[in-house]
Amino acid sequence: MIQVKDLVKKYGSFRAVDGVSFAVGRGELFGLLGPNGAGKTTTISVLATLLPANGGQVSIGGHDLAAAPDQVRRLIGIVPQEIALYTDLSARDNLEFWGRLYGLGGEALSRRVSELLEMADLVEQGKQPVADFSGGMKRRLNLVVGLVHSPEVLFLDEPTVGIDAQARSRILELIKELSGGGLTVIYTTHYLEEAEQLCDRIGVIDKGRMVAVGDKEELIRQIGDEDQVRFRLPAELLPELTQAAAGWPGFQGGRHERGKAVLLAGDGAGLLPHVQQWLEGRGLALDQLEVERPNLETLYLNLTGRGLRE
Amino acid sequence: MQILVMIAKDFRRALADRRAFVVNLALPLLLTFIMGLSFGGGFFGNSAGISAIPVALVGQDLPLMLREQLAQGLTESGFFTVTWTDSLEADAMVRRGDAAAAVVFPPDILEKFFTLEEVELQIWKDPGSSLKAGIVEQIITRGVAQYQAGEAVYLTLWPEDRAREGEASAREFWESEAFAGSFADVWQRFRRDSEDPAFREARQRLLQGMDRQTALTQALQVSPITLSVQDKSPLGEFEKKQEINLFNFFLPGFSVFFLMFSVAAGCRDLHRERKAGTLQRQMLSPVRRVDIIVARWLSISLQGGFMLAVLFLVGWVLFRINLGPDPLSLFLAVTACCLAATAVFLALALISPTEKIMDNLTTVLILVWSMVGGNFIPLEQMPGWVVAVGRFGFNYWANISFQNVMLENRSVLEAPGPLLVMAGVAAVLMIINILVFRTRAGRGGLA
């Protein structure tokens, strides 16, 4: 459904999107995961025809983005990060306005608006001004506005930013329902748990580059299946530590990262008594200990050398 | 079609926005009331003061009682302040602008009146006070016409009073031998002696007398009072002095001032929509980008037109401002003004990188343009170089256009210049606006 190849978007000399490539199948829910400023929104803006690309090829629904942007616009819906609604109008007025812009009218529009209000749990509040809505209600309305013309592809740009856990949960349910209905979705987020929970496949983006693409298991396999045991340790002691650890059960290797030793092992918890004993033998205390199962966070850390929320 | 959808949306938003209502309508209306009460002669223009028209009357030969009654009648109407004076002083008053007009009764008016000789009344007008002098002329003309009509009816009913024309009196006519005897005698006599010149004339007069319409027409052709109207050129230092109804000036001037704020706020909404993401959402719909900017132009212009219409209507209903010689002139002036204003402020919105910068620019521009463009001070009273600078603001042309229509009562056909300038400004700027919008949108500058 979506083919992106070597996509480049520059602002002056700064490459906000730097040779990004990925493909999304029909009905797939694809996540673009990355921290703020990674290039997710820019990528989506280019795919949605809002920004012109400086290089690469994009095809959506068989239409080349550069050659036929109008056809692409008819296929896609977008849910921007901002609450892109007229808050002085009611929910129904908003939906009717956007529907009319897409050429809907009469009974068909009225029926579609009612469906979407129901989908967003806003039937009772349909005639209230959007300004009176809670953050979660606005987010839900923002989402269904992007669906008013029944698009084949939906771009969701961080649709859960700034809302409470309950409202977020309702939005995620809604997205799952939509995806289950055959809609192709590209979902950007910097929340790992959302990407893990929702997406069929994930593209990890950092500094404008796509650093990894695949489903969750594929991605984790890229960093191995080992637990990671982290604790504070002066860098100069790492060779001595890895030498000693070579004899510990399940030890796979070690490295030093930002003031901490990182030991990889099939069973991280089993390594802890050995670590404790080794530190005590050198008059050191076990400080800032973390034992992690492999997950997307560790994947991201491995790929980019920094956390998603840094 | 989508343009209409976007215009309808903007109107719904405007109606739902209480703050916009206050800025666009409530405040201007409040100011209209204050100005109307201050300069417009009170509600319905009822009180004397500024709305009363100064008139000089010249007629030293009229009896004192008649002069007093005439002055009292005019003053009590509430429309006039009256000064009896001689012809020299009246002439000077009109030329100085102290009187909008002078009505001059000839010295021997009563004698001529009773001897049925033709009487000539004169009206001297101050061209700088065309509206008020015009009112005086209209009233005097109507009075003379009423007198002529009455005289005509009188002469039709009593044709014997045509004796002054040197003809035989009607009584003599009816008592002449032609009408002696029975009806049959008269009838036979008329038929038998039809070739006799005396009877032929009698028959003609009889027919004329029977035909009242002919008699009335003839009577109307004989005018015992004629009216001559002269424009008196202003004297020396008074040459530039133009008398104006202050409210007729202030209302359009301040309305254009408020229109600029209202239109600027509407155009600034482009920045807010961009920030909120609704502009981008529109650009991602199948709507043509040119339609987005044209719809915005039309909807803001329509809202501005609505605002001006309400203000002028209130001014007319409550304070009797002049709305010009015909509705079309005012409609075209309002339309051209609103389209030009919106095109100007849309251009400003498109070149301003942020809403805040646009805010600052519009505030400065509106205040400067209003000062030099004649919104607060009549252009005639400003130095030439200021007026020359003012020409670069669209509001200068709007003010001139409204003055033509509302102050000078001229139709747009008489003075189409300002209207054409505004139409030109609107057209040229909108072409530029469309190009800028499309270019910026194409480059992602509005994303």
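Nothing in this text is a laboratory measurement; each read-out follows from the coordinates by a stated rule. Please read all numbers here as calculations on a predicted model, not as lab measurements. Heads up, the Cβs are rebuilt from the backbone with ideal geometry, glycines too, and the neighbour counts pull from every protein chain shown.
When +1 charges are put on Lys and Arg Cβ atoms and -1 charges on Asp and Glu Cβ atoms, the dipole computed for the stretch A:207-310 relative to its Cα centre reaches about 420 debye.
Only one residue of B:Leu348, B:Cys338, A:Gln197 has its Cα farthest out toward the positive end of the dipole of the protein assembly as shown, where Lys and Arg carry +1 and Asp and Glu -1 on Cβ, and that residue is A:Gln197. Scanning residues 5 or more positions from B:Asp61 or on other chains, none has an amide H under 5 Å from its amide H, with H placed 1.01 Å from N in the peptide plane.
Remark on A:Gln252: its backbone amide H falls under 5 Å from those of A:Leu264, A:Ala265, A:Gly266, a criterion applied only to residues 5 or more positions apart or on other chains, H modelled at 1.01 Å from N. Derived scalar couplings between HN and Hα for the stretch A:112-127 equal 5, 4, 4, 4, 6, 4, 5, 4, 8, 6, 10, 4, 6, 9, x, 9 Hz in order, rounded to whole Hz, by the Karplus curve 6.51 cos²θ - 1.76 cosθ + 1.60 (θ = phi - 60°), x for Gly and Pro. Taking the DSSP beta bridges in the protein assembly as shown as the whole, what percent of them are antiparallel, to the nearest 5? Counting DSSP beta bridges with both partners in the protein assembly as shown, the antiparallel share is about 55 percent.
Please report the net charge: other residues with Cβ closer than 12 Å to the Cβ of B:Ala264, K and R +1, D and E -1. Local net charge: -2. Principal axis extents of the C-alpha atoms in the stretch A:171-268 (largest first, rounded to whole Å): 56, 29, 21. Using the beta-carbon distance between B:Ile431 and A:Gln222 and R0 = 56 Å, what value does 1/(1 + (r/R0)^6) give for FRET efficiency, to the nearest 0.05? Rounded to the nearest 0.05, the efficiency is 0.50. Net length available on complete extension from A:Ala23 to A:Asp164 is 47.6 nm, with 0.36 nm assigned per residue and the Cα-Cα distance removed.
Here's how it looks for A:Ala212: its modeled amide H is under 5 Å from those of A:Val204, which are all 5 or more places away or on a different chain.
Measuring between alpha carbons in the structure, the pairs from A:Lys207/A:Lys260; A:Lys9/A:Lys207; B:Lys112/B:Lys232; B:Lys112/B:Lys132; A:Lys10/B:Lys356 lying more than 21 angstrom apart are A:Lys207/A:Lys260; B:Lys112/B:Lys232; B:Lys112/B:Lys132; A:Lys10/B:Lys356. With the charge dipole of the stretch A:209-306 set up from +1 on Lys and Arg Cβ and -1 on Asp and Glu Cβ about the Cα centre, the Cα lying farthest toward the positive end among the listed residues A:Thr304, A:Leu271, A:Ala261 is that of A:Thr304.
Place +1 on the Cβ of every Lys and Arg and -1 on the Cβ of every Asp and Glu in the protein assembly as shown, take the dipole about the Cα centre, and give the residue among A:Leu117, B:Phe80, A:Leu29 whose Cα lies farthest towards its positive end. After comparing all options, I get A:Leu29. Put a plus charge on the Cβ of each Lys and Arg, a minus charge on the Cβ of each Asp and Glu, and nothing anywhere else: the dipole of the protein assembly as shown about its Cα centre is then about 2440 debye.
For chain A, the longest principal axis of the alpha carbon atoms and the long axis of helix A:268-280 meet at an angle near 40°. Here the spin labels are modelled as points 7 Å beyond Cα on the Cα-Cβ line, and at A:Glu107 and A:Glu152 they lie 2.8 nm apart.
Per residue of B:286-294, other chain Cβ atoms within 10 Å of the residue Cβ number 2 on average.
Calculated on the Cα set of chain A, radius of gyration then Dmax: 23.6, 81 Å. Net charge of the neighbourhood of A:Thr184, taken over other residues with C-beta under 11 Å away and scored Lys/Arg +1, Asp/Glu -1, is -2. Could you give the angle, 0 to 90 degrees to the nearest 10, between helix A:165-180's Cα long axis and the longest principal axis of the Cα atoms of chain A? Approximately 70 degrees, to the nearest 10.
Counting charges near A:Phe14 (Lys, Arg +1; Asp, Glu -1) among other residues having Cβ under 14 Å from its Cβ returns a value of +4. The lysines within cross-link reach of A:Lys127, meaning a Cα-to-Cα straight distance under 23 Å and a gap of 8 or more places when in the same chain, are A:Lys138, B:Lys9. The mean count of C-beta atoms from other chains within 10 Å of the C-beta of residues in A:46-59, rounded to a whole number, is 2.
With the highest mean first, a sort of the peptides B:315-323, B:368-376 on other beta-carbon atoms found within 10 angstrom per residue produces B:368-376, B:315-323. Couplings for the stretch A:85-102, taken from phi via the Karplus curve 6.51 cos²θ - 1.76 cosθ + 1.60 with θ = phi - 60°, read 10, 8, 6, 7, 9, 7, 4, 5, 4, 4, 4, 5, 4, 5, x, 5, 4, 8 Hz in order; Gly and Pro are left as x. Take the Cβ atoms of B:Phe11 and B:Ala309, set R0 to 22 Å, and the FRET efficiency comes out at 0.95.
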